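Below is one structure, written out as structure tokens; comments come after it.
The values are calculated or read from the model by the stated rules, or taken from the named source; none is laboratory data. All figures in this text were calculated on a predicted structure; none of them were measured in a lab. Note that we place each Cβ from the backbone using ideal geometry, even for glycine, and neighbour counts take in every protein chain shown. Surface accessibility is based on the protein's heavy atoms, side chains included, excluding ligands, DNA and RNA. Shrake-Rupley method; radii C 1.70, N 1.55, O 1.52, S 1.80 Å.
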Amino acid sequence: MGGRGRGRSRGWGRGHQQPQRNEELGRQQMYNSGQQGRGQGDPRSGPVNVARESQPRMQPVPQSPRCQQSFEGQFMDGGDGNQQQQAAPTNSARNGEISKFPARNGQGTQGKQINVLSNHFAISLPKGNLETFVTQYDVDMKLISEKDGSLKDCPKKFIKRGMQVFCQENWPARNPAFDGSKGLYCCGAKLLQGEITRDVTVKSFDRFDATGRPLTERLRIKVQEVGTVSLASIGQSLQKVPQESIQALDIILRHCGMTKFVQVGRSFFYQPSKPAQSLGESMDLWHGIFQSATFGTGNKPFLNVDVTHKGFPRDQTVRDLVSDLGTRPLKPGKPAPQQFNPENQYKFGACLELDEKIRNYLKGLKIMYEIPNDKTSRRVYRVNDLVESPKNKTFMLDGQVKISVFDYYAENKEYLIRYPDWPCLHAGARDKTIFLPMELCKVAPNQVTVKKLNEEQTRIMVKVAVTKPDVRKSNIFRALGNLGLNNDRCLGEFNISVGTQMTQVRGRVLPPPSLAYRSDQDVRVMNGAWRIDRVRFLTTSRAVESWDFIVMCGGYRSTSDRDLDTFKNHLVSVGNNLGMSFSRESRDIWTAVPNVTLLAKFLESQAKYFRGGPLDIVFVVLPNTFGGQNPYPVVKQVLELKYKILTQCIRQDTLEKALRSRNGSCDYSTITNILLKVNAKLNGKNHKIHMSCRPRCFSENVMIMGADVTHPPPDSQSCPSFAAVTASHDKEDLFKFNMQFRLQPPRVEEIQDLANITLEHLRYFADKNSGKYPSRIIFYRDGVSDGQFDMVLSSELVAMKKAFRTIGESYSPKITFLVVQKRHHTRFFPNSGDGDKNGNVPAGFVVDNTITHPTDMDFYLVSHQSIQGTSRPTKYKVLYDDAKMTEDELEKLTFFLCHLYAKCNRSVSYPAPTYYAHHAATRAKLYFNEGKSTIDVNDEAALRHENMRLGHAMEKMMKSHPMFFV
């Protein structure tokens, strides 16, 4: 008996609308699907299922333990360390064969030039011929069995430790670089000729002797030469850098951090000083250092360095963990709650919510187990589950005698369990009966967890991590100093150094567009925002004749009938100012249901009443608190998915904010924010780009598309991935978008049904434009890392062309295909006088030189004004473009599309179609209802059936109100 994961910079401020507040409450949900079949005769009535016949299922790009690259430009951080260098590309293929990415055709020229600093530090490489060549070795490591001396696969926990001992014993005067898996590199004289095999001894730290010292394990390590790698091409503008050179440089630079800190992906974290910053519920905030080698113009190498933060499980006894999880959270303005006492207050099964919190926290973590006064019992195990209490949990001892855990410890361990009502931890191998009394366990230190932080933990994390540009810049210099690269013996042996100053980059501030409202009213954009208190929406569909309110705050009567009447009066008044008319009094329905189950039943009963007559929209006021549950998904699942009723959710605190004003009137911006979404949902147009400054492509019968795939959390086993694609259908103004979504197997990044999705969008576009199909398509694809570029071109672009051929063999619109990348760590720091009031670069700031790709067309764009923190630019990479757009055209179009987001009167951080795709994917996730679904998410046939079901359910809504999801 013993024991065994797309921080967006915010683009809003006081007095302006927040892009994602009321309607996207609980914004962890989204996505959608639709399929329908037609005959082959009519070009618009061919078979819809054109994509599945010959395309193999694409799997996620596997993580290479040997080459975890994130070289931006030629390689890049996609958030998961799955990066690979891409070949220099062209667009030679109109028939599906894609060979190269579009080459840069000169840098952009539009806008006011300013110089800024970027957190890219120059890398200096050796100049001598001998030092530019490094020798590569392959490492094979096995664990020697204590029982029979047989060789087994080496556990990951021993690999770094074993290699460190091996190098110290065999080459004590050398400092080779190890990649933590199988690659070893040295420069100068070779470490060996041929190969060598040696046995080494490492400490276990999982088992201990009678004195408490760790026992040891034996490893057999074989090292053999693979070849030599040249670093000479790095920094040479006329030479293409080989993949093996990139890999070698990255491993050499990462060796220092890997040996000193706790590694998580491409970041290194160090233990905080005591006491650590608490995130709540036994999670502590750790500070870290992100580093990534990048290549810029002329193949010049840089090291991108940034600060990062992550929550780590606290090193403490499991008893203290239970006390922390059982204590009620501190509420603002309230006295500190009494600390939960497990000895007197905890009994397994008495509070299922607390049991589940403990289970979710411990599952998958390592714990240290030890019986008092018996150091030989000390072990480290991984927790599988929380099970019954020691007095109730039984197992078969030696396969013969049934015994409880309580009796086992009393009789065999001579230990009397003090708290027999606490649960046991099932630990170790899952097929073994290792049940540990919780009182004997402690959470092991320095553990990395991929579990998602809760809302309060995220709030605390953001509060610490969001810093002004000058503070962040100082923190980056401090982080680089802590990393100590130039004092590292390994880098010194390779004669590689990293500069201590940030790189100066030449950027430009693009002029913002002028926006047009009704009667061609011209509105100017200032600092990424504009006022609409003196204009009317471009179009409104018609008067809102039938509208009702459901108020879920009946049990929280801080909102009164009078408050609601006042709010509605303001809504009507501001709506009239904006050109929207509400024709009659709404019906008010109050409810105080206490949980989501009863809420669903209540909404069902009301929806049946609503169906007695057509409703334009139902406003639903959601309470600030709902017993720890989120009512938003239930509202959408019942009213929207089942009964096809258009809804607009408003949080209670938003409603109360709208009523607060110094002069007795409403908060105009809050009311406007709600009406922006309502008008779009009711098929109105809020605004458009003014004719005086429209991008040239707007006059070319263009359809602009956005795409995104949202994946389940790393620890989820019952949630698929959700792909969503949006497309414009009003070719004159490009404000209206429709959407399609699909469920697909977990963590598959390829949009598997893109041919059918594209076909649906093309047909919808033609239906709205007198039967004419678009002659140009501009596609913004979100969520793709550099290592997946080839997949996108070989699969998704080909799928789009299949859809074109279904329309007709001669139909071949020009395509511009861009990838939108937000998961990177590039930041810009303007000089004094060049930034905005918060010290960030101005909205419209673009960079397409120095730190961008040596040959391919890409650029960084800060399209929004950050109100807090340091602006995160969005990176755009052109993968295909047979329209041959210039840098200036692409940069202008992308910037202007950030001003067409329906939910706010501010420019947002990336183009509206991609934002909408993210919302659509969240809506699909909400419809899926993971907690109640019984679908096997790895069964593609079951997912196709679910896609058809959801698509059929939402077909009418998607056609009659295409922007219902904003």
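Hand me the list of strands (runs of 3 or more DSSP E) wholly inside segment 769-833 holding 2 or more residues that are closer than 22 Å to Lys731 by Cβ and of a type in the set (Lys, Arg).
Per the criteria, 776-782.
Residue by residue through segment 118-171, note down the ones that are more than 16 Å from Ile221 (Cβ to Cβ) and open to solvent by 50 Å² or more (accessible area, probe 1.4 Å).
Ser124, Lys127, Asn129, Leu130, Glu131, Phe133, Glu146, Lys147, Asp148
Could you list, in sequence order, all residues of segment 712-768 that are among the acidic types (Asp, Glu) and over 27 Å from Asp936 (Cα atoms)?
Scanning segment 712-768 gives Asp730, Glu732, Asp733, Asp767.
Looking at segment 512-524, which of the residues that are surrounded by 15 or more Cβ atoms within 10 Å (Cβ to Cβ), of a type outside the set (A, V, I, L, M, F, W, C) and out of contact with any Asp or Glu (no Cβ under 9 Å at 6 or more places or on another chain) is modelled with the lowest pLDDT?
The selected residue is Gln521.
Return a yes/no flag: does segment 796-804 have any residue that is touching a strand residue (DSSP E or B) at 6+ places or on another chain (Cβ under 7 Å), open to solvent by less than 30 Å² (accessible area, probe 1.4 Å) and over 30 Å from Asn701 (Cβ atoms).
No, the conditions are met nowhere in segment 796-804.
Out of the residues in segment 377-412 meeting the condition of being open to solvent by 80 Å² or more (accessible area, probe 1.4 Å) and in contact with a Pro (Cβ under 7 Å, 6 or more places away or on another chain), tell me which one is nearest to Pro313 (Cα to Cα).
Only one residue tops the list, namely Glu388.
If I filter segment 445-457 for residues that are basic (Lys, Arg), farther than 20 Å from Asp306 by Cβ and open to solvent by 20 Å² or more (accessible area, probe 1.4 Å), do I get at least one hit?
Yes.
When you go through Arg198, Arg174, Arg218 one by one, which is the residue that is within 23 Å of Arg489 (Cβ to Cβ), open to solvent by 70 Å² or more (accessible area, probe 1.4 Å) and of a type in the set (Lys, Arg)?
Result of the check over Arg198, Arg174, Arg218: Arg198.
Somewhere in segment 742-749, is a residue under 23 Å from Lys877 (Cα atoms) and touching a Cys at 6+ places or on another chain (Cβ under 8 Å)?
Looking through segment 742-749, none of the residues is under 23 Å from Lys877 (Cα atoms) and touching a Cys at 6+ places or on another chain (Cβ under 8 Å).
What number of residues in segment 638-675 are assigned to a loop (DSSP other than H, G, I, E, B), over 15 Å from Phe549 (Cβ atoms) and modelled with pLDDT of 90 or more?
Of the residues in segment 638-675, 2 are assigned to a loop (DSSP other than H, G, I, E, B), over 15 Å from Phe549 (Cβ atoms) and modelled with pLDDT of 90 or more.
Taking segment 805-826 only, how many residues are aromatic (Phe, Trp, Tyr) and surrounded by 22 or more Cβ atoms within 10 Å (Cβ to Cβ)?
1
For segment 205-215, how many residues meet the condition of being surrounded by 15 or more Cβ atoms within 10 Å (Cβ to Cβ) and either over 40 Å from the mean Cα position of the chain (by Cα) or within 30 Å of Gln136 (Cα to Cα) (or both)?
1
Yes or no, residue by residue, for (1) out of contact with any strand residue (DSSP E or B) (no Cβ under 9 Å at 6 or more places or on another chain); (2) over 23 Å from Lys736 (Cβ atoms):
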residue	(1), (2)
Gly839	no, yes
Met857	no, yes
Thr870	no, yes
Pro873	no, yes
Tyr880	no, yes
Lys903	yes, no
His918	no, no
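Do we have Ala724 as modelled with pLDDT of 95 or more, of a type outside the set (Val, Ile, Thr) and under 17 Å from Met963 (Cβ atoms) here?
So Ala724 fits the description; yes.
Determine, yes or no, whether Val908 is farther than 13 Å from Gly706 by Cβ, open to solvent by less than 10 Å² (accessible area, probe 1.4 Å) and in a loop (DSSP other than H, G, I, E, B).
no
Could you give every pair whose Cβ atoms fall below 6 Å, whose first residue belongs to segment 337-360 and is loosely packed, with under 12 Cβ neighbours inside 10 Å, and whose second residue is basic (Lys, Arg), counting only separations of at least 6 or pairs across chains?
Here the result reads Pro337/Arg328, each pair linking segment 337-360 to a residue that is basic (Lys, Arg).
One line per residue, one yes/no per condition, for (1) within 30 Å of Asn595 (Cβ to Cβ); (2) among the polar types (S, T, N, Q); (3) open to solvent by less than 60 Å² (accessible area, probe 1.4 Å); (4) in contact with a His (Cβ under 9 Å, 6 or more places away or on another chain):
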{"position": "Thr503", "(1), (2), (3), (4)": "no, yes, yes, yes"}
{"position": "Arg506", "(1), (2), (3), (4)": "no, no, no, no"}
{"position": "Leu510", "(1), (2), (3), (4)": "no, no, yes, no"}
{"position": "Met526", "(1), (2), (3), (4)": "no, no, no, no"}
{"position": "Val535", "(1), (2), (3), (4)": "no, no, yes, yes"}
{"position": "Val544", "(1), (2), (3), (4)": "no, no, yes, no"}
{"position": "Asp548", "(1), (2), (3), (4)": "yes, no, yes, no"}
{"position": "Val551", "(1), (2), (3), (4)": "yes, no, yes, no"}
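Does at least one position in segment 837-845 carry a residue that is modelled with pLDDT under 95, open to solvent by 30 Å² or more (accessible area, probe 1.4 Å) and within 20 Å of Val784 (Cα to Cα)?
Among the residues of segment 837-845, not one is modelled with pLDDT under 95, open to solvent by 30 Å² or more (accessible area, probe 1.4 Å) and within 20 Å of Val784 (Cα to Cα), which makes the answer no.
Among Thr625, Thr654, which is the only one that is buried (at least 19 other Cβ atoms within 10 Å of the Cβ) and not small (Gly, Ala, Ser)?
Result: Thr654 is the single residue among Thr625, Thr654 that is buried (at least 19 other Cβ atoms within 10 Å of the Cβ) and not small (Gly, Ala, Ser).
I'm trying to understand the selection: among the residues of segment 367-376, which are more than 14 Å from Pro445 (Cα to Cα), part of a strand (DSSP E or B) and open to solvent by 10 Å² or more (accessible area, probe 1.4 Å)?
The answer is Glu370, Asp374, Lys375, Thr376.
Consider Ala953 carefully, then state whether it is in contact with a strand residue (DSSP E or B) (Cβ under 9 Å, 6 or more places away or on another chain) and among the aliphatic types (A, V, I, L, M).
No; evaluated as a whole, the condition is false for this residue.
Looking only at segment 377-422, count every residue that is among the charged types (D, E, K, R) and part of a strand (DSSP E or B) and tell me the total.
Selection size over segment 377-422: 5.
Listed here are the residues, each with its yes/no results for (1) within 21 Å of the chain's Cα centre (by Cα); (2) open to solvent by 20 Å² or more (accessible area, probe 1.4 Å).
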site: Ile252; (1), (2): no, no
site: Phe261; (1), (2): no, yes
site: Phe269; (1), (2): yes, no
site: Pro275; (1), (2): no, yes
site: Glu281; (1), (2): no, yes
site: Ala293; (1), (2): no, no
site: Thr297; (1), (2): no, yes
site: Thr308; (1), (2): yes, yes
site: Leu325; (1), (2): no, no
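Run down Lys432, Lys463 and say which single residue is assigned to a helix (DSSP H, G or I) and either surrounded by fewer than 17 Cβ atoms within 10 Å (Cβ to Cβ) or of a type in the set (Gly, Ala, Ser) (or both).
Answer to the selection: Lys463.
Return yes when Ile367 is modelled with pLDDT of 95 or more and in contact with a Cys (Cβ under 7 Å, 6 or more places away or on another chain) and no when it is not.
Against the criterion (modelled with pLDDT of 95 or more and in contact with a Cys (Cβ under 7 Å, 6 or more places away or on another chain)), Ile367 qualifies.
Within segment 742-755, is even one residue within 25 Å of His687 (Cα to Cα) and either buried (at least 24 other Cβ atoms within 10 Å of the Cβ) or of a type in the set (Gly, Ala, Ser) (or both)?
No, segment 742-755 contains no residue that is within 25 Å of His687 (Cα to Cα) and either buried (at least 24 other Cβ atoms within 10 Å of the Cβ) or of a type in the set (Gly, Ala, Ser) (or both).
Checking Lys452 against (1) in a loop (DSSP other than H, G, I, E, B); (2) in contact with a Leu (Cβ under 9 Å, 6 or more places away or on another chain), only one condition comes out false. Which one?
Checking Lys452 against (1) in a loop (DSSP other than H, G, I, E, B); (2) in contact with a Leu (Cβ under 9 Å, 6 or more places away or on another chain), the one that fails is (2).
Between a first residue in segment 858-871 that is over 15 Å from Val505 (Cβ atoms) and a second residue that is open to solvent by 10 Å² or more (accessible area, probe 1.4 Å) and aromatic (Phe, Trp, Tyr), which pairs have beta carbons less than 8 Å apart while being 6 or more apart in sequence or on different chains?
Short answer, once both residue conditions are applied: Ile867/Trp12.
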